[in-house]
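A.B. asks: Quick one: the structure is below, and I'll ask about it shortly.
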Amino acid sequence: MKAIYLAPFGIIDEDVMSTLEICIWQIFGYEVKRMSNLADAVSAFDPKTEQYNSTPFLKDLIRRVPKDAEKVLGITNCDLFIPMLSFVFGHAQLNGPVAAISLARLHQKFYHLPENKNLFLHRVMKEAVHELGHTFGLIHCSDARCAMSLSNAIQQVDKKTEELCANCSILFEDINKHIRRGNGMEI
Ligand SMILES: [Zn+2]
Ligand SMILES: [Zn+2]
């Protein structure tokens, strides 16, 4: 069975990596592996905004997808944007192999508030599940507590949980059955 890989760009805190390993395994049921630290994606850097353009960032990641990877989640401390939006918490290819999350705006200190590690790690899990959900073909969900609900602001991230609602879970299980059949798995 294939794995979901974590791809750290630059130095990512060990707590973030180990929290994601457990969370992704629990939600999606895939073994989680780590890629070695990747150098920052220079070609995606926009000196005007000092952010990464997440589209070339994902393209860069596609070139590095390991053979036994079902999905790869890039993780960066840098802020990400897509043209038209000043920033994104994350970005994914719908039904594609790659997604990325930015940790920059998940810290309380970004909002000039005292740092809160527990809150930060929960935000990281929510965004990781959301973006990986898109790679499995899940779209935005109207349930504000569901990890697949859309977040344009940190308040919306804090309203949701890192879990998929009942509807999204059923959709995921259905999609996953097809993936495993395609991979020649017994189900
Ligand atoms: Zn989304
Ligand atoms: Zn949902």
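A.B. asks: From (1) of a type in the set (Asp, Glu); (2) free of Cβ contacts under 8 Å to residues at least 40 places away in the same chain; (3) closer than 30 Å to Asp68 by Cβ; (4) within 16 Å of ligand 1 (Cβ to nearest atom), pick out the condition that doesn't hold for Asp143.
C.D. replies: It is condition (3) that Asp143 fails.
A.B. asks: Identify, please: which residue in the range 9-43 is among the small types (Gly, Ala, Ser) and in contact with an Asp or Glu (Cβ under 6 Å, 6 or more places away or on another chain) and is, among those, modelled with the lowest pLDDT?
C.D. replies: Among residues in the range 9-43 that are among the small types (Gly, Ala, Ser) and in contact with an Asp or Glu (Cβ under 6 Å, 6 or more places away or on another chain), the one modelled with the lowest pLDDT is Ala41.
A.B. asks: Which numbered condition trips up Glu163, out of (1) of a type in the set (D, E, K, R); (2) closer than 26 Å to Leu58 by Cβ; (3) more than 10 Å from ligand 2 (Cβ to nearest atom)?
C.D. replies: For Glu163, the exception is condition (3).
A.B. asks: Quick one: count up the residues across the range 135-157 that are surrounded by 13 or more Cβ atoms within 10 Å (Cβ to Cβ) and part of a helix (DSSP H, G or I).
C.D. replies: Of the residues in the range 135-157, 4 are surrounded by 13 or more Cβ atoms within 10 Å (Cβ to Cβ) and part of a helix (DSSP H, G or I).
A.B. asks: Look at Asp46 and say whether it is modelled with pLDDT of 95 or more, over 16 Å from the mean Cα position of the chain (by Cα) and of a type outside the set (S, T, N, Q).
C.D. replies: Values: modelled with pLDDT of 95 or more: no; over 16 Å from the mean Cα position of the chain (by Cα): yes; of a type outside the set (S, T, N, Q): yes.
In short, no.
A.B. asks: Can you name the number of the only condition in (1) buried (at least 20 other Cβ atoms within 10 Å of the Cβ); (2) more than 16 Å from ligand 2 (Cβ to nearest atom); (3) within 17 Å of Ser54 (Cβ to Cβ) that Arg123 fails?
C.D. replies: Arg123 satisfies all of (1) buried (at least 20 other Cβ atoms within 10 Å of the Cβ); (2) more than 16 Å from ligand 2 (Cβ to nearest atom); (3) within 17 Å of Ser54 (Cβ to Cβ) except (3).
A.B. asks: Still on this structure, I have one more. Would you check which residues across the range 82-107 are polar (S, T, N, Q) and over 21 Å from Asp13 (Cβ atoms) and list them? Before the answer, list the steps.
C.D. replies: The initial filter retains those residues of the range 82-107 that are polar (S, T, N, Q), namely 86, 93, 95, 102.
Passing the criteria: Ser86, Gln93, Asn95.
A.B. asks: From (1) farther than 29 Å from Ile175 by Cβ; (2) of a type in the set (A, V, I, L, M, F, W, C); (3) touching a residue at least 24 places away in the same chain (Cβ under 8 Å), pick out the condition that doesn't hold for Leu113.
C.D. replies: Among (1) farther than 29 Å from Ile175 by Cβ; (2) of a type in the set (A, V, I, L, M, F, W, C); (3) touching a residue at least 24 places away in the same chain (Cβ under 8 Å), the lone unmet condition for Leu113 is (3).
A.B. asks: Of the residues Leu73, Leu80, Leu61, which is closer than 24 Å to Ser43 by Cα, modelled with pLDDT of 95 or more, crowded, with 16+ Cβ neighbours inside 10 Å and under 13 Å from the mean Cα position of the chain (by Cα)?
C.D. replies: None of the other options fit; the residue is Leu73.
A.B. asks: When Leu94 is evaluated against the numbered criteria (1) more than 26 Å from Gln155 (Cβ to Cβ); (2) surrounded by fewer than 15 Cβ atoms within 10 Å (Cβ to Cβ); (3) hydrophobic (A, V, I, L, M, F, W, C), which criterion, by number, is the only one it fails?
C.D. replies: (1) is the only condition that Leu94 fails.
A.B. asks: Against the conditions (1) under 17 Å from the mean Cα position of the chain (by Cα); (2) in a helix (DSSP H, G or I), where does Tyr30 fall short? Just the number, please.
C.D. replies: With respect to (1) under 17 Å from the mean Cα position of the chain (by Cα); (2) in a helix (DSSP H, G or I), Tyr30 is out only on (2).
A.B. asks: Kindly indicate whether Asp143 is over 13 Å from the mean Cα position of the chain (by Cα) and within 13 Å of ligand 2 (Cβ to nearest atom).
C.D. replies: It is true that Asp143 is over 13 Å from the mean Cα position of the chain (by Cα) and within 13 Å of ligand 2 (Cβ to nearest atom).
The values are calculated or read from the model by the stated rules, or taken from the named source; none is laboratory data. Everything quoted here is computed from the prediction, not taken from an experiment. Glycine gets a Cβ as well: all are built from the backbone with ideal geometry, and neighbour counts include every protein chain shown.
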